[in-house]
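Structure record follows, encoded as structure tokens.
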Amino acid sequence: MAYNQFRYTVQLNMENRRCVVVGGGSVALRKTKSLLEAGAAVTVIAPEILPEIAALQSTFPALTLCRRDYETGDIRHAFLVIAATDNRNVNAAVVREAKENHCLLNVADDPDAGNFTVAGTYDNGSLHFSAATGGNPRLTHLLLEDLRQQYGDDMAVFAAFLDEQRETVKQRLPGPRARQEFWRNTLTNQLLQLVKQGRLQQAKENILDAVNRIGAEP
Ligand SMILES: C[C@@]1(CC(=O)O)C2=NC(=C\c3[nH]c(c(CCC(=O)O)c3CC(=O)O)Cc3[nH]c(c(CC(=O)O)c3CCC(=O)O)/C=C3\N/C(=C\2)[C@@H](CCC(=O)O)[C@]3(C)CC(=O)O)/[C@H]1CCC(=O)O
Ligand SMILES: NC(=O)c1ccc[n+]([C@@H]2O[C@H](COP(=O)([O-])OP(=O)(O)OC[C@H]3O[C@@H](n4cnc5c(N)ncnc54)[C@H](O)[C@@H]3O)[C@@H](O)[C@H]2O)c1
């Protein structure tokens, strides 16, 4: 079931946000895990909860399990809600309550019924990639694998190194225009290609040379 509407991509800070997942099956497992990894406090409500979900409690104390049917009022104080039961009527009731409470809402069996869908992600520390295909999770998975191969640990190390250099450049070049020009001239596609070819050290040295030349006579 592909989704139709245009999507606006954001990166939510989920630290300690209250989330409710209604349903305890394989979809609930996937979403609960990624929400917990993002720092959210998650309550899962379902009569049958997969043991893999319960097992997450040992790593994530912010996970609460309610082994019962969904009841109206369950999502009153939720920031984000996932409707993931195998019962359309229950999912529809969750949609109603989530909309009344202006929650962020994802619906497993009907992407257009909620107000967001979940993009696939690949995270390697300093870099976070997202991919969405309009509802083809297998293709999303393959695209992310491809990105993982292209942009591995070296690119993450390079990104962290650039963060440090950006601070130095900020101090040495106070104007935003000058900084923009500096980075456009210095951080080029050619450098990106060097990192991809395994020549991280060379790429770092090129940046350092340029940073050290700031303010020096031409
Ligand atoms: C990215 C990812 C995020 C996440 O869920 O956390 C995600 N699905 C993932 C995994 C995954 N999904 C499915 C399987 C079971 C195996 C399989 O069936 O293939 C697996 C497990 C696996 O692949 O390993 C089945 C599936 N998913 C949807 C349907 C409904 C349908 O298509 O009708 C069906 C049944 C298809 C069918 O019955 O044929 C629908 C959606 N799934 C989305 C996201 C949204 C679209 C995102 C986009 O635009 O690309 C959307 C629309 C709604 C949403 O959930 O927001 C996540 C990680 C991907 C990764 O990194 O590997
Ligand atoms: N498996 C997938 O990857 C996938 C992907 C997209 C959509 N879907 C659809 O999403 C839905 C959920 O899929 P699933 O594979 O996680 O299902 P599942 O059968 O593994 O789990 C369904 C869960 O819903 C719970 N549930 C049933 N009635 C409930 C109620 N009244 N209150 C609270 N919880 C209740 C059950 O206890 C169970 O935990 C299905 O409609 C499915 O067709 C599945």
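The values are calculated or read from the model by the stated rules, or taken from the named source; none is laboratory data. What you are looking at is a predicted structure, and each value in this text was computed from that prediction instead of being measured. Reconstructed Cβ throughout: ideal geometry from the backbone, glycine too, with neighbour counts over all protein chains shown. The protein model used for the area step is the full one, side chains on, heavy atoms only, and it has no ligands, DNA or RNA in it. Shrake-Rupley method; radii C 1.70, N 1.55, O 1.52, S 1.80 Å.
For the residue pair THR59 and ASP163, what label-to-label distance in nm results when each label sits 7 Å from Cα along the Cα-to-beta-carbon direction?
2.2
How high is the FRET efficiency from ALA92 to PHE116, r the C-beta distance, R0 25 Å, rounded to 0.05? Kindly include the intermediate steps, with their values, before the conclusion.
Details: r = 18 Å, r/R0 = 0.70.
The formula returns an efficiency of 0.90 here.
Taking K and R as +1 and D and E as -1, what net charge do the other residues with C-beta under 13 Å from the C-beta of ILE53 add up to? Walk me through the numbers before you get to the answer.
Values: positive: ARG30, LYS31, LYS33, ARG67; negative: GLU48, GLU52.
Computed value for this residue: +2.
Pull up the cross-link candidates among the aspartates and glutamates for LYS204, meaning alpha carbon to alpha carbon under 14 Å and not fewer than 8 places away within one chain.
Those aspartates and glutamates meeting the cut-off are ASP154, ASP163, GLU164.
Please express the shape of the stretch 153-212 as an equivalent ellipsoid: the semi-axes are the square roots of 5 times the eigenvalues of the C-alpha gyration tensor, given largest first in whole angstrom.
Values: eigenvalues 86, 26, 17 Å².
Working from the Cα gyration tensor, I get semi-axes of 21, 11, 9 Å.
Work through the residues other than MET155 whose Cβ is under 14 Å from its Cβ and net out their charges, Lys, Arg +1 and Asp, Glu -1. Can you show the working numbers first?
Working: positive: ARG148, LYS196, ARG199, LYS204; negative: ASP123, ASP146, ASP153, ASP154, ASP163.
Once positives and negatives cancel, what remains is -1.
Provide the three semi-axes, in whole Å and in decreasing order, of the ellipsoid equivalent to the chain as defined by the square roots of 5 times the Cα gyration tensor eigenvalues.
Square roots of five times the eigenvalues give 44, 18, 17 Å.
From the helices alone, meaning DSSP H stretches of at least four residues, give me the mean residue ellipticity at 222 nm for the chain, per-run term -39500 (n - 2.57), in deg cm²/dmol to the nearest 500. Kindly include the intermediate steps, with their values, before the conclusion.
Values: 8 runs with 97 residues, N = 218.
Estimated from H runs of four or more residues: -14000 deg cm²/dmol.
Quick check: the angle from helix 153-172's long axis to the longest principal axis of the chain, C-alpha only, nearest 10 degrees?
60
Return the carbon/sulfur percentage of the accessible area of the stretch 18-118, one whole number, probe 1.4 Å, all protein chains in place.
Details: 2550 of 5080 Å².
Carbon and sulfur together cover 50 percent of it.
Skip the ligands, DNA and RNA, and give the accessible area per residue of the stretch 154-194 with a 1.4 Å probe, whole Å².
Values: 2740 Å² over 41 residues.
Spelled out: the 1.4 Å probe surface of the stretch 154-194, per residue, equals 67 Å².
When the chain is modelled as a GNM with alpha-carbon springs shorter than 10 Å, which of PRO174, PRO47, PRO137 fluctuates the most?
PRO174
Among ASN115, ASN16, ASN206, which one shows the highest mean-square fluctuation when the chain is modelled as a Gaussian network with alpha-carbon springs under 10 Å?
Of the options given, ASN206 has the highest mean-square fluctuation.
Can you order the peptides 20-32, 78-90, 121-133 by their average number of other Cβ atoms within 10 Å per residue, highest first?
Details: 20-32: 23.1, 78-90: 20.3, 121-133: 15.2.
Result, highest mean Cβ count within 10 Å first: 20-32, 78-90, 121-133.
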